[in-house]
């Protein structure tokens, strides 16, 4: 099963409650919920190296740092169990 299918199924199941709780900020809330695990996983795969994580993501290092702060990931250490890329 591909990621798009999994996301579509999850959205179909949870959209009514998301609309009720996130009305007016649904897009921002969903993007943050996707970004948080994505950035954490890529940062872990890069061994905590933010420059390498930014390169993997195709974004500027300063953009990555800003997003990490906004997502509350700036103080967390990356899990060491994920393989490095």
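Only the coordinates and a few stated rules stand behind these numbers; no lab work does. All of these numbers come straight from a predicted model, not from anything done at the bench. Heads up, the Cβs are rebuilt from the backbone with ideal geometry, glycines too, and the neighbour counts pull from every protein chain shown.
How much FRET efficiency would the formula 1/(1 + (r/R0)^6) give for residue 62 and residue 7, where r is the Cβ-Cβ distance and R0 is 30 Å, rounded to 0.05?
Efficiency for this residue pair is about 0.60.
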What residues of the range 18-40 lie in the reach of a label at residue 70, counting those whose backbone N is under 19 Å from a point 7 Å from the Cα along Cα→Cβ?
22-40
Which angle between 0 and 90 degrees, to the nearest 10, do you get for helix 3-22 versus the longest principal axis of the chain when only C-alpha atoms count?
60 degrees
Degrees, to the nearest 10: 61-70 long Cα axis against longest axis of the chain
50 degrees
I'd like the orientation of helix 26-45 relative to the chain: the angle between its Cα long axis and the longest Cα principal axis, in ° from 0 to 90, rounded to 10.
30 degrees
